[in-house]
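For reference, the structure is listed below as structure tokens.
Just so it is clear, none of the values below were taken in a lab; they were calculated from the coordinates. Because the structure is predicted, anything quoted here is derived from the model rather than measured. Backbone-built Cβ (ideal geometry, glycine too); neighbour counts: all protein chains shown.
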Amino acid sequence: MRLAYFSPLNPQRSGISDYSEELLPHLAAGGAEITLFVDGFRPSSAGLLARFHWLDYRLDSSVLRTLEGYDAVVYHMGNDHRYHAGILDALRAHPGIVVFHDFALQDFFLGLARARNDARVYVEEVAACHGTAARREASEALARGGTPLM
């Protein structure tokens, strides 16, 4: 089975990086042929670099067109927009299996909205999950400089 694997990896300081680096050898031992897709960095683990092919989809977005050739695409999502914004963009364009590492992603979308200086990123997600009344409440809280509580 050919797997495309999207996840933070070391040197990105994330528990999900450590989780993936522990999981990947077990998946490969089960017979999976795994390609690591990374977002603008080089994995720092010598063991991973020796064992797995990796592609940087931020450096060369054309590699995302190869996803159709995989049996499955696995995305690891967490609450830190710094490590997961590119993964979200990829999974929206190329659906696959998503592993959620956090119960809620409110902080992810709020951080992403602030990083992109675009409150719509957050309020549209709030509306999709909680409706138009929640969108209005979130917009008002952001306008006051607060953090919405959903």
Please work out the Cα center distance from the stretch 102-150 to the stretch 1-57, rounded to the nearest Å. 31 Å
Here are some values of Cα extents along the principal axes in Å: (i) 55, 33, 22; (ii) 51, 29, 27; (iii) 76, 39, 25. Which one was computed from this structure? (ii)
Take Leu59, project a point 7 Å from its Cα along the Cβ direction, then tell me which residues of the stretch 1-38 have their backbone nitrogen under 19 Å from it. 4-13, 34-38
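Suppose the chain between Leu23 and Arg120 were pulled fully straight at 0.36 nm per residue; how much longer would it get relative to their current alpha carbon spacing?
Working it through step by step, the gained length comes to 31.4 nm.
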Between Met1 and Arg136, Cβ-based FRET efficiency (R0 41 Å, step 0.05) works out to 0.35
Tell me, what is the Rg over Rh of the stretch 90-147, with Rh the Kirkwood radius over Cα pairs? 1.01
Please list 3J(HN,Hα) in residue order for the stretch 41-54, calculated via the Karplus relation 6.51 cos²θ - 1.76 cosθ + 1.60 where θ = phi - 60°; whole Hz, with x for glycine and proline. 8, 9, x, 9, 7, 4, x, 5, 4, 6, 9, 10, 7, 9
Using a 10 Å cut-off on Cβ atoms, rank the peptides 105-113, 12-20 from the highest mean neighbour count down. 105-113, 12-20
